[in-house]
Structures are given as C-alpha cells and as structure tokens.
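Here is the structure we will look at, set down as structure tokens.
The values are calculated or read from the model by the stated rules, or taken from the named source; none is laboratory data. What you see is a predicted model; the values in this text were computed from it and never measured. Backbone-built Cβ (ideal geometry, glycine too); neighbour counts: all protein chains shown. To get the accessible areas, we keep the full protein, side chains included, count just its heavy atoms, and leave off ligands, DNA and RNA. Shrake-Rupley method; radii C 1.70, N 1.55, O 1.52, S 1.80 Å.
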Amino acid sequence: YRRFHFIMKPLVVMKFGGSSVADAEKIRKVADRIIAKKEAGNNVVVVVSAMGDTTDHLIEMAKSVTENPPDREMDMLLSSGEVISMAILTMAIQERGYDAISLTGPQAEIITDTSHRRARITDIKATRVKEEIAKDRIVIVAGFQGISSDHEVTTLGRGGSDTTAVALAYALKANVCEILTDVPGVFTADPRIVPEARKMNEICYEEMLELASMGAKVLQSRSVELASKYGVVLKVGLSHEDSPGTIIKEEEVSMEQVLVRGIAHNTDEVKFTVHRVPDKPGVAAAIFTKLAEKGVNVDMIIQNIGQEGYANLSFTVATGDIAKTAALADMIKKEVGAERVTSDENIAKVSIVGIGMRSHTGVAEKVFRTLAEQEINIEMISTSEIKISVVINKDRAADAVRALHAAFELDKAPAV
Ligand code: ADP
Ligand code: ASP
Ligand code: MG
C-alpha cells in the first residue's frame, strides 16, 4: 500500500541548466527548490546540466592535446561534467535531511543510437528511476548523456539536458516537465540582445521548434521535437524562484493571434563558397553528396546566376563542421572543376518565426525593407511556411534583431 501511495503522487520532472548550478551557493538554492516541490506532495525527478561553463572547458582541454579529438573519447570526457553536478546536488539535498540518489544516463537506461556527440534517444527504460521513486526518493539524473546500443557512453549534442528531461517526463508519464534556467521564460527574442523582448505566456510546439532550430538556445530543438511528438507539456521558467514562466503545448484557438511570434539568431554557422563551378547538371549533386557522406549537415544554399557557363555556389554549415568541410573542399574543387573554395565565419542567420505567416503576406517584404533601412546587406535568404531566414554579417546581427523586433512591434502585447 505504501508503495502504491508514492506511485500515485503527481510526478514532476525539473531540469536545471548549467548557469543555475554554477557554484555551491546556487546548488544549495536549487536543492531548496527541489525540496519545496517534494514537500508540496510531488514525486520529483531532476535532470541536471554540467556546472557553469564546464562543458566548454572540457572541450578546450581536449583541444589542448589534439586538434581532432575522437568522438568516442569526447563523449567519455563531456559526460563527466553532468556526473559532477548530479553528485554534488544530491549531496546538498541529503545534507538537508532528504532522501535522494543520483543516477548517470546509462544507469537511468537512457538508450541512444550510436552517433557520438549528437546521439538520439531511441528508448528509455528507467527501471531504476522508477524503483527509486517508489522508495520515495528524489532522483537526480545526469542530463545530456545516454548509453548506445553498442554499450558506449554517448552525449546528446549541446543543450542536450533539455532532451533528457523531456524523454524522462514522457517515459515516467510526468504531469509536467519544467525547464528551469536563467531567464523567466521564452521571449520574443533573446532578452540579452533585445532588452524590450517580451515574455510569452504560451507558445505552440510548432513555433517553439522553429525558434529553437533557428538558434533560440533556451531549449534544444530536439527536446521540442520530442515534446511535440509525445505531447509532453513544457514549462520554461526561472530556476531560483517560482514564476509563471512560458507553457509550450499543442496549438489552441485561445492562444494569442499574431503574425510574427518571435525572432531567433544563430552565430554558429559558417558560409563556404565554391567559386566558378561549371554551370551544368550534376554539380550540386556532386558537392552535396560528398558533404552528406561525411555527415556534414548543410543548412542554407544559394547559387548565383551563371555567367559564361560558370556559377558560384554558397552554403552554410555549423561551425562544429568547419574542419570536416574544409577537408572536403579540395576534393570538391577537383571533382566539380571549380576555381577555389573560400569560407566566411563572419556571418549570422536571423530568422522571423510565426504560424500567422501561413495566411498572411508581406512579412518578407517588411524584413527586407527593415534591413535595408539599417543598411544591412542580405547575403542569403531562405523561407518556409512559417519562417523567413536571412544570412547577414555577424557584426550586424544584434542590430538586425533589434530593428526587426521593433518593426514587427514584438515589444507590444498583441491585441486580442
Ligand atoms: P541553461 O544553461 O539553463 O540550459 P541556456 O543558456 O542553454 O540555459 O539557455 C538560456 C539562454 O537562452 C538565456 O540566457 C538567453 O540568453 C537565451 N535565449 C535565446 N533566445 C531566447 C528566447 N527567445 N527566450 C529566452 N531566452 C533565450
Ligand atoms: N552541458 C551540456 C552543454 O553545455 C548539456 C546542457 O547543458 O544541456 O551543452
Ligand atoms: Mg541549455
């Protein structure tokens, strides 16, 4: 009966990001919040990220011994960050007289595919997590890590603790999944760049997914994808105090009707240009097949109008793929008979997102006009049904986001 009683309590998954557990004092505050949630009559499962900039430091450490760290060893290294924070946080909770236990991703049976450094969760058994909940313990799980079908430790890509939290919330049928961080919710733009940005009360999965994919790093895009697929309701809010936050869920008619929901920017892409490629069928196929074979994800592509039988072709890739792409450049050049390949790291992608764009026109025009007024040159453009992205000079990224935020009046509460 006792056991049954614990299982029947509401279950909350709380995820704390790196900045929220950056030092001992913050960890003690996080411990207090977890205990308060437990005291309020919930079962609590916590997902924790590495402390502060630990993951960045670990990457630097690897770079200091090799330029090309093997992915398997990188995963062994990077997964250690979350192991430290889970143990320290658990100790802080125990110190306050509460029963808690830490579990690594593999112990929590977070099963992934075999692609190191950006593994995808394929299954969660969480047998041990459930057993510990049944013992009325607070369970602290290391975020960002899992174990592959080959029994190797894997990591889930930068920001991956969000995805651990959503996956656990789904597997444990949690009542809510709280993503607790250093901002009070999801804003109309990164509040660090746009002080006038407005916190949203709610946003639907589709728009949140697009914002996250386009660089709003408040949530890892995969976490939103997973939440949407399984209908896990997310709440993004402050880690150090209870706040209404932002609810992310299925679109509802009661949600605010707006044309543009928010603006995201991404400064982690590089533009490669293949100069003077023969303008004939099969060239693009040759280039992009090579890149795909090596696992390079190409984002935007643009080909200019051919002149005298030649064209220039530009594409963007994530900065993490620079080395791989540069290594392929020579091969590409020879294979397609191009003149040379250059790269430009000084770019940023700015994206405007909103499902209202489906039924309204004129957004693209307003984006272009606003940027023109700021004398910001557009290097590439791509659109989808609910998004417009432009690639511009990185030095102008903040100006562009601010100008677009003002142009679309995102600082004002939408008229209902
Ligand atoms: P954590 O360490 O908790 O995972 P992150 O640094 O990954 O936190 O994400 C939170 C940060 O995301 C904020 O500090 C903010 O600067 C940034 N951010 C970018 N876009 C947005 C947005 N639209 N709304 C809120 N925060 C955003
Ligand atoms: N510590 C990892 C990172 O910095 C995972 C996370 O914070 O979600 O990317
Ligand atoms: Mg994060």
Gly52: passes all of (1) within 21 Å of Leu172 (Cα to Cα); (2) among the small types (Gly, Ala, Ser); (3) open to solvent by 20 Å² or more (accessible area, probe 1.4 Å); (4) within 16 Å of ligand 3 (Cβ to nearest atom) but (1)
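Among the listed residues Lys135, Lys130, Lys217, which satisfies the condition of being within 20 Å of Ala36 (Cα to Cα) and surrounded by fewer than 21 Cβ atoms within 10 Å (Cβ to Cβ)? Write out each step before concluding.
Details: Lys130 fails: within 20 Å of Ala36 (Cα to Cα); Lys217 fails: within 20 Å of Ala36 (Cα to Cα).
Going through Lys135, Lys130, Lys217 in turn, just one is within 20 Å of Ala36 (Cα to Cα) and surrounded by fewer than 21 Cβ atoms within 10 Å (Cβ to Cβ): Lys135.
Tell me, which residue of region 286-312 that is β-branched (Val, Ile, Thr) and in a loop (DSSP other than H, G, I, E, B) is farthest from Lys324 (Cα to Cα)?
Pass one, region 286-312, residues β-branched (Val, Ile, Thr): 287, 289, 296, 298, 301-302, 305.
Checking the rest, the ones that are also in a loop (DSSP other than H, G, I, E, B) come to 296, 305.
Working: Val296: 7, Ile305: 28 Å.
This residue is Ile305.
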In region 220-237, residues that are over 14 Å from Phe187 (Cβ atoms), within 16 Å of ligand 2 (Cβ to nearest atom) and either crowded, with 22+ Cβ neighbours inside 10 Å or in contact (Cβ under 8 Å) with a residue 40 or more places away in the chain (or both) total 7
Within region 275-285, the residues that are among the basic types (Lys, Arg) and in a strand (DSSP E or B) are Arg276
Lys63 fails exactly one of (1) within 21 Å of Val13 (Cβ to Cβ); (2) away from ligand 2 (no atom under 15 Å from the Cβ), namely (1)
message = Yes or no: region 394-401 includes at least one residue that is out of contact with any Pro (no Cβ under 6 Å at 6 or more places or on another chain), over 14 Å from Val260 (Cβ atoms) and part of a loop (DSSP other than H, G, I, E, B).
response = no
Going by what's in this entry, would Ile332 be described as crowded, with 20+ Cβ neighbours inside 10 Å and not in a helix (DSSP H, G or I)? no
Looking across region 168-196 at residues that are open to solvent by less than 10 Å² (accessible area, probe 1.4 Å) and either over 19 Å from Gly18 (Cβ atoms) or hydroxyl-bearing (Ser, Thr, Tyr) (or both), the single one that is farthest from ligand 1 (Cβ to nearest atom) is Ala169
All conditions in (1) among the aliphatic types (A, V, I, L, M); (2) touching a residue at least 24 places away in the same chain (Cβ under 8 Å); (3) in a helix (DSSP H, G or I) are true of Ala372 except (2)
Taking region 138-156 and keeping residues of a type in the set (Gly, Ala, Ser), open to solvent by less than 10 Å² (accessible area, probe 1.4 Å) and over 21 Å from Met91 (Cα atoms) leaves Gly146, Ser148
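Report the residue count in region 213-239 for those that are among the β-branched types (Val, Ile, Thr) and more than 12 Å from the chain's Cα centre (by Cα).
Residues of region 213-239 among the β-branched types (Val, Ile, Thr): 218, 224, 232-233, 236.
Filter once more, keeping what is more than 12 Å from the chain's Cα centre (by Cα): 232-233, 236.
The total comes to 3.
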Of (1) touching an Asp or Glu at 6+ places or on another chain (Cβ under 6 Å); (2) open to solvent by 40 Å² or more (accessible area, probe 1.4 Å), Asn297 fails just (1)
Among the residues of region 13-20, is any open to solvent by 80 Å² or more (accessible area, probe 1.4 Å) and within 16 Å of ligand 3 (Cβ to nearest atom)? no
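Could you please let me know if Tyr205 is touching a residue at least 40 places away in the same chain (Cβ under 8 Å), open to solvent by less than 40 Å² (accessible area, probe 1.4 Å) and aromatic (Phe, Trp, Tyr)? Even if it seems obvious, please write down each step before you answer.
Working: touching a residue at least 40 places away in the same chain (Cβ under 8 Å): yes; open to solvent by less than 40 Å² (accessible area, probe 1.4 Å): yes; aromatic (Phe, Trp, Tyr): yes.
When the stated conditions are applied, Tyr205 passes them.
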>> Taking the criterion of being in a strand (DSSP E or B), within 23 Å of Lys26 (Cβ to Cβ) and away from ligand 2 (no atom under 14 Å from the Cβ), would at least one residue in region 102-112 satisfy it?
In response: yes
Among helices (runs of 4 or more DSSP H) entirely within region 1-94, at least 1 residues that are over 20 Å from the mean Cα position of the chain (by Cα) and modelled with pLDDT under 95 occur in 2-8, 54-63
